[in-house]
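Take a look at the structure set out below.
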Amino acid sequence: MKVIQVVGARPNFMKLAPLHRALSDSPIEQKVIHTGQHYDAFMSDIFFEQLQIPRPDYHMGIGSGTHSYQTAKMMIGMEEIFLQEKPDWVIVYGDVNSTLAAALVCAKNNIKICHVEAGLRSYDRTMPEEINRILTDQVSDLLLTPSIDGNENLMKEGIDPQKVILVGNIMIDSLFWSLDWINKHPEVAQPAFNLLNKYQLKPNQYILVTLHRPSNVDEPEKLEQIINTLGEISNKTPVLFPVHPRTQKMLENLKLQKYPHLFFETPVGYMDFLFLQQNALALVTDSGGIQEETTALGIPCLTLRENTERPITITHGTNQLIGSDFDKLRFELNEIIHGRGKKGRIPELWDGKTAERIKHIFIKML
Ligand code: UD1
Ligand code: UDP
């Protein structure tokens, strides 16, 4: 059996790593396509290095563009590769444009699709990711869900239950693997350690921020309001903000007030970001993956979104939705500072063994 795994953006790489490792230790032949949706070294290469993923067999170098331009260009390039390689299965991850592009090409060419992280729904179709999730799931042949809500969503959409398997959260495989690696080789997180020293940040005494959702960063007024709120918060508790390139582009056009304890940085590597999360008092974010990682790590997470496709991080975990309610943000941070932050537990099957479960599903098909 031959599978092709397709990745393209930052949140794909830590999902690919464990399954690539598991399939390497199996009779299944695998190849990797990197679409090049993310291309800066700190958004792509560093993840391959730190997670020890071999160089992709194909690097398409698509780069940035409008949704249609980017998706269409990926589709044309991938169709050529699939027709030549003739895979039995194509594996796609999550909800980025690279995911949908691969799924559409497979559906049009009768190639079987396996969607890892299927079934998540925010029920907010203004999010480009929600469109990618719904369409990818509709054309997938094997839908592997990270939590039971995923199965429930897919049943509501009339997906054949025989195609849907609850396998757990593959991101957490990478998280546990990497924490163990950092433990054994602390030098891999040296850049993160250096950042803490550079800004004199002490464990449990800083807030870590990431923001990149169009709803938060694409409108200058909204972004400015968020930065000013974070600036004000930083007067009390320092804030470290590794800035996503989308957000960086927007920040460059703003005339921002200076805050001495709000520290902007470029994005950091995966191991570094895990180290920074582990040591943070709390996270303020709009990232999907970080809502899950904080739940696994037991660190309070305040999410600047009105909804989440990962409700289990709220029902079971440490996540809270803040939306754009900055009074609530200040209140909840104050609660956390006073030791009254939200506690949680790790959801079922977020146990570091998801890739092994997926491998066995494929082996049974041989
Ligand atoms: C994409 C995903 C989003 C995911 C996020 C993770 C889609 C629709 N969106 O959003 O779901 O949460 O990745 O980070 O697939 N840029 C660079 N260098 C890079 C990559 C991007 O400078 O290596 C800049 C470009 O100006 C680009 C912009 O960031 O136009 C946005 O990149 P894009 O991949 O289109 O969307 P993201 O906002 O990164
Ligand atoms: N991450 C990272 N460096 C950073 C910020 C985030 O390695 O500077 C990691 C983070 O630990 C998580 C993933 O990137 O594993 C989340 O990706 P992102 O927020 O870009 O996308 P989303 O999950 O929102 O789709």
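Points to keep in mind about this one:
- For the residues CYS114, CYS106, the requirement of being within 21 Å of the chain's Cα centre (by Cα) and crowded, with 18+ Cβ neighbours inside 10 Å singles out CYS114.
- Some residue of region 176-186 being surrounded by 20 or more Cβ atoms within 10 Å (Cβ to Cβ), outside any loop (DSSP other than H, G, I, E, B) and either modelled with pLDDT under 95 or within 21 Å of the chain's Cα centre (by Cα) (or both): yes
- Residues that are among the polar types (S, T, N, Q) and surrounded by 14 or more Cβ atoms within 10 Å (Cβ to Cβ), drawn from region 70-91: GLN70, THR71
- Residue match in region 248-266 (condition: of a type in the set (Val, Ile, Thr) and either in contact with a strand residue (DSSP E or B) (Cβ under 9 Å, 6 or more places away or on another chain) or not in a helix (DSSP H, G or I) (or both)): yes
Yes/no matrix, rows are residues, columns are (1) without any contact (Cβ under 8 Å) to a residue 12 or more places away in the chain; (2) touching a strand residue (DSSP E or B) at 6+ places or on another chain (Cβ under 7 Å); (3) within 15 Å of ligand 2 (Cβ to nearest atom); (4) acidic (Asp, Glu):
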{"residue": "HIS185", "(1), (2), (3), (4)": "yes, no, no, no"}
{"residue": "PRO191", "(1), (2), (3), (4)": "no, no, yes, no"}
{"residue": "LEU196", "(1), (2), (3), (4)": "no, no, yes, no"}
{"residue": "ASN216", "(1), (2), (3), (4)": "no, no, yes, no"}
{"residue": "ILE227", "(1), (2), (3), (4)": "no, no, no, no"}
{"residue": "VAL239", "(1), (2), (3), (4)": "no, yes, yes, no"}
{"residue": "HIS244", "(1), (2), (3), (4)": "no, yes, yes, no"}
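- Count of region 295-305 residues, restricted to those that are more than 16 Å from ligand 1 (Cβ to nearest atom) and of a type outside the set (Gly, Ala, Ser), is 5.
- From the options THR315, THR294, residue that is within 26 Å of LEU211 (Cβ to Cβ) and surrounded by fewer than 20 Cβ atoms within 10 Å (Cβ to Cβ): THR315
- Residues in region 239-265 that are of a type in the set (Val, Ile, Thr) and touching a helix residue (DSSP H, G or I) at 6+ places or on another chain (Cβ under 6 Å): VAL239, THR247.
- Residues satisfying the stated conditions in region 46-68, i.e. in a helix (DSSP H, G or I) and more than 10 Å from ligand 1 (Cβ to nearest atom): ILE46, PHE47, PHE48, GLU49, GLN50, SER68
- Selected residue (only one of LEU104, LEU143, LEU120, LEU83 is touching a Gly at 6+ places or on another chain (Cβ under 7 Å), more than 16 Å from ligand 2 (Cβ to nearest atom) and under 27 Å from ALA22 (Cα atoms)): LEU143
- Extreme residue, farthest from the chain's Cα centre (by Cα), among residues of region 1-45 that are farther than 14 Å from ILE91 by Cβ and either assigned to a strand (DSSP E or B) or acidic (Asp, Glu) (or both): ASP25
- Single unsatisfied condition, TYR123 versus (1) within 22 Å of the chain's Cα centre (by Cα); (2) at negative phi: (2)
- Residues in region 126-159 that are more than 20 Å from ALA9 (Cβ to Cβ) and out of contact with any Leu (no Cβ under 9 Å at 6 or more places or on another chain): GLN138, ASP141, LEU142, GLU152, MET155, LYS156, GLU157, GLY158.
- Members of region 253-269 that are surrounded by 13 or more Cβ atoms within 10 Å (Cβ to Cβ) and more than 12 Å from ligand 1 (Cβ to nearest atom): LEU256, TYR259, HIS261, LEU262, PHE263, PHE264, GLU265, VAL268, GLY269
- Among residues of region 277-290 being within 8 Å of ligand 2 (Cβ to nearest atom) and assigned to a helix (DSSP H, G or I), the one that is farthest from ASN12 (Cα to Cα) is GLN277.
- Pick from region 18-69, criterion surrounded by fewer than 18 Cβ atoms within 10 Å (Cβ to Cβ), free of Cβ contacts under 8 Å to residues at least 60 places away in the same chain and among the small types (Gly, Ala, Ser), ranking: nearest to GLN5 (Cα to Cα): SER24
- Here THR99 does not fit the description of being part of a loop (DSSP other than H, G, I, E, B), within 16 Å of ligand 1 (Cβ to nearest atom) and of a type in the set (Val, Ile, Thr).
- Every listed requirement among (1) closer than 23 Å to ILE346 by Cβ; (2) among the hydrophobic types (A, V, I, L, M, F, W, C); (3) away from ligand 2 (no atom under 16 Å from the Cβ); (4) surrounded by 24 or more Cβ atoms within 10 Å (Cβ to Cβ) is met by ILE170 save one, (3).
- For region 201-237, the set of residues classified as surrounded by fewer than 15 Cβ atoms within 10 Å (Cβ to Cβ), among the polar types (S, T, N, Q) and in a helix (DSSP H, G or I) consists of GLN225 only.
- Residue in region 242-252 that is over 30 Å from LEU349 (Cα atoms) and away from ligand 1 (no atom under 16 Å from the Cβ) present: no
The values are calculated or read from the model by the stated rules, or taken from the named source; none is laboratory data. Note that this is a predicted model, so its numbers are computed, not measured. Note: ideal-geometry Cβ built from the backbone for every residue, glycine included; neighbour counts use all protein chains shown.
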